[in-house]
Amino acid sequence: MQEMTGVVPCTSTPYSEFKDNVDKVVTIKGALHNIREMSDFAFIIVRTARELIQCVYSPEFSDYRLSDDVVEQAAAKVTGKVVKSETRDGSERYELQIHNIEILSKPAAVPPVVISKKQVNCDLSVNLDFRPVTLRNPKERAIFKIQEGIQRGFREFLQGQGFTEIHTPKINFAGAEGGTNVFKLDYFGKTVYLAQSPQLYKQALVPVYERVFEIAPVFRAEHHDTSRHLNEYISMDFEMGYIDSFTDIMNMETGALKYIMQLLKTEYAPEVELLKAEIPEITTIPCIKFKDAKEMCVKKLKNITDMKDFEPEEEAFLGKWAKQQYNSDFLFVTHYLSKKRPFYTMDDPDDPEVTLSFDLLFRGIEITSGGQRIHDYNMQVEKMKKLGMNPEEFETYLMLHKYGAPPHGGLGLGLERLTMHLLGFKNVRLAAMFPRDINRVTP
Ligand code: ATP
Ligand code: MG
């Protein structure tokens, strides 16, 4: 009888172990990423999960002869001897002198886009059309390895701070925050909405677990085609109870970002290097009140007409200001106008025109919105009424307040936005594996 042991040994030697295996025969498994055939020898680069390994074929090394099946993108098992190779700069490099190539699977066609060069040189739309193929390019895949690092850092940091990971429903009877950008869908004859954020559910879990977080997709029916909006994006959210002030949330985010950046520098160094990512140094993050930031923008920039919110150029200006003034890539802007924040936002008791809320700007672009939420039942019902909302429609949500909730707050951080600005991209689509925008739902 066959029995499962629970062990799947790794049968491919990673490049990192080559230095300990010089002159020994090892096996690697991967895709034949790039093949350069010369008259009597060939360079074959093998692409493993995270590395590119140079292999050299020559009849000198074994009796094995290259067959017609040895083509780029074939999945193969390559056996050979590890040797130290010459480098111009004198650094240590190793390669494999091929003894044998076993083709495990041969592609049926040549890729529609060249992916074996340093980067894919094609239009964004072509890159996205052929995503399952273009993502194989080392630079493309590095973007999402970095994105994995960001999520992992967020998760590890929060778990270390006593947060519980949750998953809230994405199909909801009421659109979380209302407005025009909700997707409606037919649900067995009823109209339901795709979640714009986990807001109302993560708040409900504060009296249960005190501190919760979620990393999950959210949906926004953005009708416009911009370089910073997707229709489905990954939101990294947390919500925490028993806060003394909304600044506790900003402090927690500062800690999370520090942890994430440190993790990227250490465990994601190959990808950071490949993409030439400038990982920000964070010591502390400066804060400025919305009113003061606005005054500064009005003084320094022309034609500012919207006094209730920032235009992208104002955010860009504030980003530069934070860099010059505090040498910080990040800036918290606090106390946004009450009129401009959602119904669950706590107004400042000292000045009810403004809220105990904040945005975080990274290199001059918003990546986070957060703040303290209303926890008192009567206060929440009153605010809903004042905003023309019907509290009866929010019966489930209001159970939170009705049956007792501690002072709490939280935030939502857009994963693709953060990735985009970390890597210096002009378009958020480059930071989405399979982006969904107004014109794109495939692949
Ligand atoms: P913006 O003003 O940039 O449209 P928002 O204020 O509507 O964003 P929030 O509801 O505050 O967005 O969402 C929290 C975070 O989620 C934002 O700071 C951003 O990082 C990210 N985000 C929001 N909308 C999108 C979107 N359509 N595509 C990608 N990320 C988004
Ligand atoms: Mg926002």
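Values quoted throughout were computed directly from the atomic coordinates according to the rules given, and no laboratory measurement underlies them. Computed from a prediction, not measured in an experiment: that's the story for all the values here. Counting neighbours? That spans all protein chains shown, and the Cβs are built from the backbone with ideal geometry, glycine included.
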(request) Starting at the first residue of the range 311-316, write each ³J(HN,Hα) from the Karplus equation 6.51 cos²θ - 1.76 cosθ + 1.60 with θ = phi - 60°, in whole Hz, x for Gly and Pro. (result) 7, x, 5, 5, 4, 4
(message) With the alpha-carbon atoms as the only input, what is the per residue convex hull volume for the range 1-133 in Å³?
(response) 184 Å³
(request) Provide His421, His167 in ascending order of the number of other Cβ atoms located within 10 Å of each residue's Cβ, fewest first. (result) His167, His421
(message) What three numbers, in Å, describe the spread of the alpha carbons of the range 22-62 along their principal axes, ordered from the longest?
(response) 30, 24, 13
(message) Treating only the Cα positions of the range 22-95 as identical point scatterers, give the base-10 log of I(q)/I(0) from the Debye formula at each q in 0.11, 0.17 Å⁻¹.
(response) -0.27, -0.66
(request) Could you run the Debye sum over the Cα atoms of the range 313-439, one equal point scatterer each and no solvent, and tell me log10 of I(q)/I(0) at q = 0.09, 0.17, 0.21 Å⁻¹, two decimals? (result) -0.36, -0.96, -1.12
(request) Among the listed pairs Lys170/Lys383; Lys299/Lys323; Lys339/Lys385, give every one whose C-alpha distance is greater than 21 Å. (result) Lys170/Lys383
(request) Output the peptides 350-362, 284-296 sorted from most to least packed, where packing is the average of other Cβ atoms within 10 Å over each peptide's residues. (result) 350-362, 284-296
(request) Could you check the simple spin-label distance between Asp306 and Lys385, using points 7 Å along Cα→Cβ, in nm with one decimal? (result) 3.2 nm
(message) Compute for the chain: radius of gyration divided by Kirkwood radius, i.e. Rg/Rh, restricted to C-alpha atoms, rounded to two decimals.
(response) 1.05
(request) At 7 Å along the Cα-to-beta-carbon direction for both Thr266 and Asp351, put a label point, then send me their distance in nm to one decimal. (result) 4.1 nm
(request) Provide the per-residue ³J(HN,Hα) series for the range 191-196, in order, calculated from phi with Karplus coefficients 6.51, -1.76, 1.60 and θ = phi - 60°, each as a whole number of Hz, with x at glycine and proline positions. (result) 8, 10, 10, 7, 5, 7
(request) Largest first and in whole Å, give the semi-axes of the range 190-301's equivalent ellipsoid, each being the square root of 5 times a Cα gyration tensor eigenvalue. (result) 26, 22, 22
(request) Rounded to the nearest Å, what's the spacing between the alpha carbon centres of the range 116-191 and the range 27-59? Just the number, please. (result) 33 Å
(request) Between Glu3 and His99, with labels modelled 7 Å along Cα→Cβ, what's the label distance in nm to one decimal, could you check? (result) 3.3 nm
(message) What's the magnitude of the charge dipole for the chain around its Cα centre, counting Lys and Arg as +1 and Asp and Glu as -1 at the beta-carbon? Answer in Debye, nearest 20.
(response) 600 debye
(request) Report, in debye and to the nearest 20, how large the dipole of the range 15-110 comes out about its Cα centre when Lys and Arg carry +1 and Asp and Glu carry -1 on their Cβ. (result) 280 debye
(request) Given the peptides 78-84, 297-303, 125-131, arrange them by the average over their residues of other C-beta atoms within 10 Å, most packed first. (result) 78-84, 125-131, 297-303
(request) Grab the Cα-Cα distance for Asp23 and Asp376, subtract it from 0.36 nm times how many residues apart they are, and report the gain in nm with one decimal. (result) 120.0 nm
(message) At a 10 angstrom cut-off on C-beta neighbours, averaged per residue, how do the peptides 55-63, 427-435 rank from highest to lowest?
(response) 427-435, 55-63
(request) Would you give the gap between the C-alpha center of the range 414-443 and the C-alpha center of the range 256-326, rounded to a whole Å? (result) 19 Å
(request) Can you put Ser91, Ser338, Ser245, Ser12 in order of Cβ neighbours within 10 angstrom, beginning with the fewest? (result) Ser91, Ser245, Ser12, Ser338
(message) To check you understand DSSP bridge types, tell me what percent of the beta bridges within the chain (both residues inside) are antiparallel, rounded to 5.
(response) 90 percent
